[in-house]
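To start, the structure itself, in structure tokens.
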Ligand code: FES
Ligand code: FES
């Protein structure tokens, strides 16, 4: 648990991408700043910093969450996953990442880590989504350069492939 000193940085003990981690954060430090600046997790992107764009989305205990609307101290004792968690043991891309590349679901890639966190969570509970459901899920994310058609195709393809190979994983 956190050190409960009245002022100053507090220890944040949490699980980051499957590994135990500890960092220190002032009580008002945002999770985006904590992950990037303290933990070196630069795959977490910040853009609007007020909960609109979705680029900072991480998974908090499995649920997509806006890191820019979360205080670092709130993740004490919890699990945080960033887009890095999608990689295989040898750094290979998972099926979502491969599909985004195949279908040109990214251009500059700034929005992509957050989108992939939402996609990963979405597909765990939506094995056979409609295009409309995919679009509604993506509507929580703003992409300024590549558009959404390729992303939709990628998500639908991953869902179809997983259904065809239920034991295959990524
Ligand atoms: Fe968090 Fe935009 S940076 S939603
Ligand atoms: Fe550039 Fe989405 S790929 S903002």
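No lab work stands behind these numbers, since they all come straight from the coordinates. The structure presented is a predicted model; accordingly, all values stated were derived computationally and were not measured.
Kindly state, as a whole number, the per residue volume in cubic angstrom of the convex hull around the alpha carbon atoms of the range 1-78. Before the final figure, lay out each step's value.
On the way: hull volume 6.1 nm³, N = 78.
Cα convex hull per residue, to the nearest whole number: 78 Å³.
Between 70, 125, 112, the GNM of the chain built on Cα springs shorter than 10 angstrom shows 125 fluctuating the most. Both the radius of gyration and Dmax for the chain are 16.5, 55 Å, in that order, over alpha-carbon atoms. Semi-axes of the equivalent ellipsoid of the range 82-141 are 19, 14, 11 Å, computed as sqrt(5λ) over the eigenvalues of the C-alpha gyration tensor in descending order. The long axis of helix 112-125 is offset from the longest Cα principal axis of the chain by roughly 70 degrees.
What is the helix-to-structure angle for 149-164, meaning the angle in degrees between its Cα long axis and the longest Cα principal axis of the chain, kept from 0 to 90 and rounded to the nearest 10? With rounding to tens, the tilt is 80 degrees. With q set to 0.11, 0.14 Å⁻¹, the log10 of I(q)/I(0) for the range 104-170, from the Debye formula over equal scatterers at the Cα positions, is -0.24, -0.38.
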